[in-house]
Structures are given as C-alpha cells and as structure tokens.
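Below: one structure in structure tokens.
The values are calculated or read from the model by the stated rules, or taken from the named source; none is laboratory data. Keep in mind that what you see is a predicted model, and the values were worked out from it rather than measured. Positions of Cβ are generated from backbone atoms using ideal geometry, with glycine treated the same way; all protein chains shown enter the neighbour counts.
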2 protein chains.
Amino acid sequence: MELFNYYRSSASYRVRIALALKGLDYDYRAVHLRRNEQFQESYAAVSAARLVPLLRDGDAVVTQSLAIIEYLDETHPEPPLLPADAAGRARVRALALDIACEIHPLNNLRVLRFLVHDLKLADEDKNRWARHWIETGLETVERQLAARPAVFCHGETPTLADCVLVPQILNARRFDCRLDHVPQVMRVFETCMRLPAFADTHPERCPDAEP
Amino acid sequence: MELFNYYRSSASYRVRIALALKGLDYDYRAVHLRRNEQFQESYAAVSAARLVPLLRDGDAVVTQSLAIIEYLDETHPEPPLLPADAAGRARVRALALDIACEIHPLNNLRVLRFLVHDLKLADEDKNRWARHWIETGLETVERQLAARPAVFCHGETPTLADCVLVPQILNARRFDCRLDHVPQVMRVFETCMRLPAFADTHPERCPDAEP
C-alpha cells in the first residue's frame, strides 16, 4: 500500500493513525501542500481531487480520510475501528463527522488561503474565524463525550472517532484555541497520545516533517 | 422513527431521500433553522450539536446525515445504498465526502451568517465565496464520474453518493452557480430527479416548506 499524504495535514494524520492501529505497513509518499505539489501533473493523474490523503492498494485508489479508514476497517478488520452494534457505529461515525464536516473544512489550508488572498481578510480575522469553528465545534464533541464517558471517544478501544479527534487538537493548538472548556475531549486526547499508534505518526515524526 | 429536519437543509434532504429509497415511514419533525429553533431547550435536550438532521429510532439517537444513512443501510439493508465490494463502497463514500466535507460545510447557513455578521463580508463577497467552493468542488466530482460513467454516481442504482449529490445541486442553483462545466454531474442529477424518492422529498414538498 502507498499513502500519499502531507505531514501537517490533519486528514493525512487520521489515516496514519488508523494504519498504525491496524499494524499495517505502507510506503509513505509525501505531497507538499504548501508548495502546491498536489497540482503537479504526476499527482493530478492519481488524484481527481488534488487532495491528500490518498491510499493506493493494488488497483484500488481511495480518497477522503474517512472513506480510507472505513476501507481499511473492511479489508483489515482487526482490531476494529468501529463498534459491533449499529447504534455504536452511528455514534462513532457522527463524532468523526462532527469534526470532519463541522470543524476541519473551515480551517484547512486552501480555505484559509482563500479568506486571506481572495477575500482580503486580515490575519486577525482569519484567526478569529478559525478559532470560532474549532472552539464551538469541540464543544459539541465535549457534550457528547460527557454524556457517555469512556476511556476513548467511544468505549475501551480507539475508534475512527479518536483517529479524527487527535489531529483536530493539534490543529486547535496551532490556532491558540481555548481548550479548557472541553475537559473530556482533552482527557481522551491525552489517553490517545500515550499510545504508539498516535504518538509515532505525529506530524513532527513524519519523513517529510520540517523544522 | 422520527426525523428532525428542516426543509431547506441540504443535509436533511439527503436523509429524506435515503428513507424514501428504503421505503421507510417516519414522523417528520420540523426544526426551523432560520428561526433558530435548533437552539430552543426542547431541541437542545435531544441534539448535542443543535444541528439537523437527527434521527430517533427507539433508544438510538443518530446525528450527522452520513452516519444516519449508514445506520439506515445497516438496520434496513434493502435496497442497499452502498455497493457490495470494499473498493466500490470506498468510492461511494469518498464521492459523498467530496461534497459533505469539501463543499457543503463552507456554504451552510451558520457559516454564511458568520461571514456576513461577524466578519462583515459584503453580500457580493459572500456569494463569490459560496460559488467558488461549489463550482470547484463539483469539478472534482465531475472528474470522478467522467472517469467511470454509470447511470447513477456509481453503478445502476442510487447510492449514498446520489443522496448527497442531489441536494448540493439545489444549493448550487440557489447561489446561481455555473453548472455547464459538470455535465456528468447534471446528467446524474436529472436521472435521480425522475425517481419519486428524490422528487417527492424535495424541499418544496416538505410539510414545513414556505412559499
């Protein structure tokens, strides 16, 4: 398997965590988003969306981090990254989507670039925008974790939701977000970071990491 | 089952389509987003995220449209809304996420409100923002459909991807987007709209629709 990804991309980190939790080997292919390598012809030929991450597994080319993780969970079921029951699976997917749809799309590189370069937003306003969606979005996650506290986001083992939560916290710190209002979220984050699957795939430990 | 939703919400429409494709009955609960009914205590007690749609099925409370549709597909497998093979499932999920993560979050009501009310963006800039993400995002979908043309987004029957595509086209029209650059997308849209499951659940045909 080959994973096309970028060390700083939150969506890439989600997939690295899932691969590590499953103990799967892969070839790391770096695509440098800040240098716009995703638009180079060689990559555009692989990726219709010109986005990372992208997983190539034999003939299958899978995009979108959540779809990649579900694919890995179906093709390599152990350890499972989704609970066995339909309601539990729905809760884990919803937690993942609360971050992947409601927070992260508003703060990724291309969106922030558009706000500043095209809409001429001041840096201060751009940061206020980013913090607003991260802080309020994490509150939603907090309410759900507090309603049913567990070791991880859901239950006693890491799931898809934890793969998505952890990168979002690194992103929140990059924007200097408040995090003291989400104690359950932060407790789960710290628990995850004690596991090698989360710690060893951290952006700073990637082959393409920059100082 | 009860579906809490809002006629104009694209994410709500996705779920209405899925319920109709499966032939499932449900109680329609209207939550008027423009009147901020999602923040009322009665709804906040049900929904941690104060968002629609939300499905209540016995003890299960499921949020996030994609998680709801996967839940319906697991609890009511016929007709399936995901292909049988892992690579096909991944492709359908990725197409759905190309819209649900890359387009829709940038153009929903609360995001546009924040741009105008908090960041003081002019209406013209707000519309340029919305059109940019819709038009470029649909191009990504177009490239994927063109690479493997089928009756629907994937294969001969409607899937999760079609449930997500159709509401996005209505949304694109609301913003006066270009659509002539995405002929495969529009062909699939027209095909879907000829089916009762898509036509009968159209926002304008909802109980809470306004003139």
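Could you check A:LEU109 against (1) modelled with pLDDT under 95; (2) within 10 Å of chain B (Cβ to nearest Cβ) and say which number it fails?
With respect to (1) modelled with pLDDT under 95; (2) within 10 Å of chain B (Cβ to nearest Cβ), A:LEU109 is out only on (2).
Give me the residue from region A:4-23 that is within 16 Å of A:LEU165 (Cα to Cα) and outside any helix (DSSP H, G or I) and, out of that set, nearest to the chain's Cα centre (by Cα).
Going residue by residue through region A:4-23, those that are within 16 Å of A:LEU165 (Cα to Cα) are A:8-21.
Restricting the remaining residues to those that are outside any helix (DSSP H, G or I) gives A:8-9.
Working: A:ARG8: 10, A:SER9: 8 Å.
Looking at the filtered set, the residue picked out is A:SER9.
While we're on this one: Go through region A:45-57 and report how many residues are without any contact (Cβ under 8 Å) to a residue 24 or more places away in the chain, at the interface with chain B (Cβ under 9 Å from one of its Cβ atoms) and over 19 Å from the mean Cα position of the chain (by Cα).
Looking only at that region, the number is 1.
The rows are residues; the columns are (1) under 23 Å from A:TRP133 (Cα atoms); (2) at pLDDT 95 or above; (3) not aliphatic (A, V, I, L, M).
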{"position": "B:LEU19", "(1), (2), (3)": "no, yes, no"}
{"position": "B:GLY23", "(1), (2), (3)": "no, yes, yes"}
{"position": "B:ARG29", "(1), (2), (3)": "no, no, yes"}
{"position": "B:GLU41", "(1), (2), (3)": "yes, no, yes"}
{"position": "B:THR63", "(1), (2), (3)": "yes, yes, yes"}
{"position": "B:THR75", "(1), (2), (3)": "no, yes, yes"}
{"position": "B:GLU78", "(1), (2), (3)": "no, yes, yes"}
{"position": "B:ALA130", "(1), (2), (3)": "yes, yes, no"}
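Based on this model, can you work out whether A:LEU170 counts as assigned to a helix (DSSP H, G or I) and out of contact with any Gly (no Cβ under 9 Å at 6 or more places or on another chain)?
On the way: assigned to a helix (DSSP H, G or I): yes; out of contact with any Gly (no Cβ under 9 Å at 6 or more places or on another chain): yes.
Considered against the rule, which asks whether it is assigned to a helix (DSSP H, G or I) and out of contact with any Gly (no Cβ under 9 Å at 6 or more places or on another chain), A:LEU170 comes out as yes.
Right, here's the next one. With respect to B:GLU78, determine if the residue is among the acidic types (Asp, Glu), within 7 Å of another protein chain (Cβ to nearest Cβ) and surrounded by fewer than 17 Cβ atoms within 10 Å (Cβ to Cβ). Please lay out each step first, then the result.
Working: among the acidic types (Asp, Glu): yes; within 7 Å of another protein chain (Cβ to nearest Cβ): no; surrounded by fewer than 17 Cβ atoms within 10 Å (Cβ to Cβ): yes.
Here the answer is no, as B:GLU78 does not meet what is asked.
Considering B:GLU37, B:GLU78, B:GLU74, which residue is under 19 Å from B:CYS163 (Cβ atoms), acidic (Asp, Glu) and free of Cβ contacts under 8 Å to residues at least 12 places away in the same chain? Steps first, please.
Numbers: B:GLU37 fails: under 19 Å from B:CYS163 (Cβ atoms); B:GLU78 fails: free of Cβ contacts under 8 Å to residues at least 12 places away in the same chain.
From the options B:GLU37, B:GLU78, B:GLU74, the qualifying one is B:GLU74.
Something else: I want to confirm something. Restricting to region A:20-34 and keeping residues that are in contact (Cβ under 8 Å) with a residue 60 or more places away in the chain and hydrophobic (A, V, I, L, M, F, W, C), which single residue is surrounded by the most Cβ atoms within 10 Å (Cβ to Cβ)? Spell out how you get there, then give the answer.
Of all residues in region A:20-34, those in contact (Cβ under 8 Å) with a residue 60 or more places away in the chain come to A:20-21, A:28, A:30, A:32-34.
Those left that are additionally hydrophobic (A, V, I, L, M, F, W, C): A:20-21, A:30, A:33.
Details: A:ALA20: 18, A:LEU21: 26, A:ALA30: 17, A:LEU33: 21.
By that ranking, first place goes to A:LEU21.
Here's a follow-up. Determine which single condition B:ASP118 fails, assuming it passes every other condition in (1) surrounded by 17 or more Cβ atoms within 10 Å (Cβ to Cβ); (2) modelled with pLDDT under 95; (3) within 8 Å of chain A (Cβ to nearest Cβ).
Condition not satisfied by B:ASP118: (1).
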